[in-house]
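Novice: To start, I am sharing the structure in question, which I have written as structure tokens.
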Amino acid sequence: MSVVLEANNISIMFGGLKAVSNFSIKLEAGELVGLIGPNGAGKTTVFNMLTGIYNPSCGKIFISSSNGGMIDITSYKPHKITQSGIARTFQNIRLFKDLTVLDNVRIAFHSSVRYSAFDGIIRSSKYVEEEEKILVQSRNILSIFNLSNKQNELAKNLPYGEQRKLEIVRALATNPKLLLLDEPAAGMNPQETHELMNLIAYIRKEFNLTILLIEHDMSLVMGICERIIVLDYGQIIAEGTPSQISSNPKVIKAYLGGGDE
Amino acid sequence: MVFLQQIFNGLALGSVYALIALGYTMVYGIVRLINFAHGDILMLGAYTGFFILKSFGLSPLSLVIAIAVSMMICSFIGMGIEKTCYKPLRNSPRINALITAIGVSIVIENGAKVIPFIGPNPRVYPVLKPVNYTISGASVSQTQIIVFGVSIFLMIVLNYIVNFTKTGKAMRAVSLDKDAALLMGIDINKIISFTFAIGAALGAAAGVLYSLSYPSINPYMGIMPGLKAFVAAVLGGIGSIPGAMLGGFIMGIAETITRGYISSLWADAVAFAILIGMLLVKPAGIMGKNVREKV
Amino acid sequence: MRKNILTNFVYNLSIAVLIFVILALLIFSGIIDEYNGNLLVLSGIYLIVALSLNLITGFTGQLSLGQAGFMSIGAYSSAILMLNFKFPLILAVIFGGLITGFVGLIIGFPTLRLKGDYLAITTLGFGEIIRVAMINLSKLTGGAAGLKNIPKFPSSGDYILDVIINLTYIYVFAIIILAIVSNLLKSSPGRAIISVREDEIASSSMGVDIFYYKMFSFVLSAIIAGIGGGLYASYMGYINPDLFGFLNSVNYLVIVVLGGLGSLTGTVFSSVIFVYLQEWLRIFGDFRLVIFGLILIISMLFWPSGLMGTSEYSPSGFVKKLIKGQFTIESILSKAKQLLKKIISNKSRNIFKHNGGEGR
């Protein structure tokens, strides 16, 4: 199996505080890995480093490239990381609230567009072709997730669960190899969480994804993750299968209160 | 020695800029508004002082009264502007408050122009006799000493209020986190009014002191010093009171040195160049803190 | 979709030509006199500069308070190219715009790394530095007195015809610029620009290079403002640094905000309204600016989203409805009532919703 993502001992400091220290991870293609830990453990900070929002103060991050090697993305800006194949969702949904559902998805296709601003201004045939392509692709992916009838709605008018779904759809539209989900089940009831688990399993298969997710909902984590990494105070304190983790005394001590907080 | 001379000139000018800058920085710290109308408070203070000094003649007592009265009147004006124009916009997008502040500035400047007892023509301020003292080969006028002294005195009083009184503590709380302060039982509206009042009072005092040094006053006189003091506030770190004081003095000295050694034509541009330089290097200012957005 | 674009283009062009013909006839027949005709020309120039500001501030979300500075670079460049290098007018205006764009590139590169208030203050600062530079580089710019005898638009000798000629030049430039901006915003780069305004972090996680698009928008906005400046120089025949100060930048900001940040149609309407407002205020004599300031304050208190918020009305949409016969008296009246209600209650969207936005 090939490695999709590798991070070696990445750390970051904020002011005098070391928020994350010596975090390492290796993700093989197709894996579904969970990242858990108490609030403030640094999980989102890890995501932010992996996606270029923060640059780690030390350590390196690599992603697999299309021709087989590994690219060093440690100092990449967020947009370049997305273009290299990592997509993410956010803890507090960051949809373009005042744009339509369709536009939210169309923006995700931005990097694959081959026409220039000039083409757009003079409405060249390249523009027309590509715009049609984007429209078709956007509508396709929306229909896969049953959001077609909402395509002209403003994103802020969607019910909460659909907003979360739209965020995932949008991330998928960037054609990633690796998908980072930050607390996708936040605010969901057990029924919705169960549907989400099915959705995640579905997209892993259909879109050939490797998935790393942050979650507090233990039923989700234990239910679908093959491997779990536990963070506390910015450091990895345990790593293993769900059953190993749930019986690990260090983890229990740090955090395992179980269920939704 | 010319350099020392420029330093003294710069300190005197800078102390005035510091007073004005304090008004900008306190208001920004508490409501995140760049109060474009603040420079015009300087003008109103100058004119108030003018009428008092003209009526009673220039003497130590009348000067104290002039400063005190103009501070009082302008603090009411400042509070009034806040209550009518800024308070309704507290939850509106900030660009609206910005435009409103610009509107207030335009009304004050041009209103002063049409009010009969102010009028568009410049007036001459009463000046102190040009008594000079020599320190280390540089000469300092008594005007400069008074300007500097009064400014420092006011800054000390402000420092006391902000750091050693309950109201001051409330001010600091509101500027850190308005909602939390509200939950702690602080009357936000009163504190915000108070902040505007103090800022305006300092601006008014600055107006009188400025006019003693540059005795030609007119309705537009607040624009340039206001802009420079604003640069000073940003330089020192907008929202930071010690920063505003530091920034004021730096701006004053920079201006007098530019005038002395380069040319007075470019002195105004130097102010903006400093501003831009600061923002590009450390936008939070000398004493400001970088605030990260939580993702 | 190709057919749709073509029909839209034809409809838009027809409406544009129709409006122009109507205006020209009104001027020619004297119903619009020379004075008001010139006001129309001026509103066209204001429209161009206001569009540039709406692009960078309304659509890209970067508040710029120095647009008058760009306008002055365009004005001086165009004038100097005509006076010293004998450039023909249209070429001079366009080159003036390109020079302004180049300056915008240099200024934008460090400045656009800042956010919110800091960005705004920096653009203000640059605007003022440009003004001071124009005063001090007197050999080139004529100093405080400025430049005179700038070649105007071709004259026919008949003053009514001249107004129509001026109007033609400005109108063509304005329509082309409006089309360019409008088309840009409907394309993928345009969506990228708008996403920068909406949420920078989300935008960059979608693969959008936010710094590139801020620069793109800023430079384009500078070019357009520069073209506006060049046209202004030839309209007036003279320019001096005082015409391009901070208060002028404020005027354009007022036009854009009152029309609706993020609405091109709003800017079109508010440019015309603004120019006529300035004229109408003259009857107040010395009180003119006081009233203007009061109007500003009152508008911001009661009308924060401006005339149109972020909505647009497209001429082609209008034509299509016309053709489909969707216009009955009732529907027009109810639409008008709806629009009026929307404007008065001001439920339109305002893009600068969030508080905060300081530092980097």
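The values are calculated or read from the model by the stated rules, or taken from the named source; none is laboratory data. Since the structure is predicted, the reported quantities are computational estimates derived from the model, not experimental observations. Cβ placement follows ideal geometry from the backbone for every residue including glycine, while neighbour counts extend to all protein chains displayed. Just the protein is used for accessible areas: all its heavy atoms, side chains included, with ligands, DNA and RNA removed. Shrake-Rupley method; radii C 1.70, N 1.55, O 1.52, S 1.80 Å.
Novice: Could you check segment A:118-143 and list, in sequence order, the residues that are open to solvent by less than 20 Å² (accessible area, probe 1.4 Å) and in contact with a Leu (Cβ under 9 Å, 6 or more places away or on another chain)?
Specialist: If the condition is that a residue be open to solvent by less than 20 Å² (accessible area, probe 1.4 Å) and in contact with a Leu (Cβ under 9 Å, 6 or more places away or on another chain), then A:Gly120, A:Ser138, A:Ile141, A:Leu142 are the ones that fit.
Novice: Do we find a residue being among the hydroxyl-bearing types (Ser, Thr, Tyr) and part of a helix (DSSP H, G or I) anywhere in segment B:10-20?
Specialist: Yes, that holds for at least one residue.
Novice: With respect to the numbered conditions (1) surrounded by fewer than 19 Cβ atoms within 10 Å (Cβ to Cβ); (2) at pLDDT 95 or above; (3) touching a helix residue (DSSP H, G or I) at 6+ places or on another chain (Cβ under 8 Å), which one is the sole condition not fulfilled by C:Tyr212?
Specialist: Just one mismatch for C:Tyr212, condition (3).
Residue by residue, here is whether (1) closer than 23 Å to B:Ala37 by Cα; (2) in contact with a Ser or Thr (Cβ under 7 Å, 6 or more places away or on another chain); (3) touching a residue at least 60 places away in the same chain (Cβ under 8 Å); (4) not aromatic (Phe, Trp, Tyr) holds:
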| position | (1), (2), (3), (4) |
| --- | --- |
| C:Val257 | yes, no, no, yes |
| C:Leu261 | no, yes, yes, yes |
| C:Phe269 | no, no, no, no |
| C:Ser305 | yes, yes, no, yes |
| C:Glu312 | no, yes, no, yes |
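Novice: Cβ contacts < 7 Å: first residue touching a residue at least 40 places away in the same chain (Cβ under 8 Å) and β-branched (Val, Ile, Thr), restricted to segment C:181-199; second residue open to solvent by less than 30 Å² (accessible area, probe 1.4 Å) and in a loop (DSSP other than H, G, I, E, B), any location; separation 6+ or different chain. Result?
Specialist: These pairs meet every condition: C:Ile193/C:Thr60; C:Val196/C:Thr60; C:Val196/C:Gly61; C:Val196/C:Val208.
Novice: For segment C:195-207, does any single residue satisfy the condition of being within 30 Å of A:Leu50 (Cα to Cα), surrounded by fewer than 22 Cβ atoms within 10 Å (Cβ to Cβ) and more than 7 Å from every other protein chain (Cβ to nearest Cβ)?
Specialist: yes
Novice: All but one of (1) over 14 Å from B:Gly10 (Cβ atoms); (2) surrounded by fewer than 24 Cβ atoms within 10 Å (Cβ to Cβ); (3) in contact with a helix residue (DSSP H, G or I) (Cβ under 8 Å, 6 or more places away or on another chain); (4) not aliphatic (A, V, I, L, M) hold for B:Gly277; state the number of the condition that does not hold.
Specialist: Unmet condition: (3).
Per-residue answers, yes or no, for (1) more than 8 Å from chain C (Cβ to nearest Cβ); (2) open to solvent by less than 30 Å² (accessible area, probe 1.4 Å); (3) touching a Leu at 6+ places or on another chain (Cβ under 9 Å); (4) within 16 Å of B:Val31 (Cβ to Cβ):
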site	(1), (2), (3), (4)
B:Asn110	no, yes, yes, no
B:Asn121	yes, no, no, no
B:Val124	yes, no, no, no
B:Thr143	yes, yes, yes, no
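Novice: State the number of residues belonging to segment A:114-133 that are closer than 16 Å to C:Leu185 by Cα, at the interface with chain C (Cβ under 8 Å from one of its Cβ atoms) and part of a helix (DSSP H, G or I).
Specialist: Count: 9.
Novice: Another one. Any residue that is open to solvent by less than 40 Å² (accessible area, probe 1.4 Å) and among the small types (Gly, Ala, Ser) - is there at least one of those in segment B:183-191?
Specialist: Within segment B:183-191, none of the residues are open to solvent by less than 40 Å² (accessible area, probe 1.4 Å) and among the small types (Gly, Ala, Ser).
Novice: So for segment C:225-236 (the condition being assigned to a helix (DSSP H, G or I), β-branched (Val, Ile, Thr), buried (at least 24 other Cβ atoms within 10 Å of the Cβ) and at the interface with another protein chain (Cβ under 9 Å from one of its Cβ atoms)), does at least one residue qualify?
Specialist: no
Novice: If you go through segment B:72-101 one residue at a time, how many are among the basic types (Lys, Arg), at pLDDT 85 or above and within 27 Å of C:Tyr252 (Cβ to Cβ)?
Specialist: Qualifying residue count, segment B:72-101: 1.
Novice: Pairs under 9 Å by beta carbon, first residue on the phi > 0 side of the Ramachandran plot and touching a residue at least 40 places away in the same chain (Cβ under 8 Å) in segment C:67-82, partner part of a helix (DSSP H, G or I) and of a type in the set (A, V, I, L, M, F, W, C), six or more apart or different chains?
Specialist: Listed pairs, sorted by first residue: none to list.
Novice: Here is a follow-up. Please go through segment C:1-55 and pick out each residue that is outside any helix (DSSP H, G or I), aliphatic (A, V, I, L, M) and away from chain A (no Cβ under 14 Å).
Specialist: Once the filter is applied, which keeps residues that are outside any helix (DSSP H, G or I), aliphatic (A, V, I, L, M) and away from chain A (no Cβ under 14 Å), segment C:1-55 yields C:Ile31, C:Ile32.
Novice: A further question follows. State yes or no: is C:Ser138 open to solvent by 10 Å² or more (accessible area, probe 1.4 Å), within 14 Å of chain B (Cβ to nearest Cβ) and either among the small types (Gly, Ala, Ser) or in contact with a Gly (Cβ under 6 Å, 6 or more places away or on another chain) (or both)?
Specialist: Spelling it out, C:Ser138 is indeed open to solvent by 10 Å² or more (accessible area, probe 1.4 Å), within 14 Å of chain B (Cβ to nearest Cβ) and either among the small types (Gly, Ala, Ser) or in contact with a Gly (Cβ under 6 Å, 6 or more places away or on another chain) (or both).
Novice: What do you reckon, is A:Asn152 open to solvent by 60 Å² or more (accessible area, probe 1.4 Å), touching a residue at least 24 places away in the same chain (Cβ under 8 Å), farther than 17 Å from A:Leu5 by Cβ and more than 16 Å from the chain's Cα centre (by Cα)?
Specialist: yes
Novice: Here is a check on your reading of the model: is A:Leu102 open to solvent by less than 50 Å² (accessible area, probe 1.4 Å), within 16 Å of the chain's Cα centre (by Cα) and touching a residue at least 24 places away in the same chain (Cβ under 8 Å)?
Specialist: no
Novice: On to the next question. Go through segment B:178-236 and report how many residues are within 15 Å of the chain's Cα centre (by Cα) and among the polar types (S, T, N, Q).
Specialist: 2
Novice: So, one more: If C:Ile176 satisfies every condition in (1) within 14 Å of chain A (Cβ to nearest Cβ); (2) open to solvent by less than 60 Å² (accessible area, probe 1.4 Å) but one, which is the exception?
Specialist: Only one criterion in (1) within 14 Å of chain A (Cβ to nearest Cβ); (2) open to solvent by less than 60 Å² (accessible area, probe 1.4 Å) is unmet by C:Ile176, namely (2).
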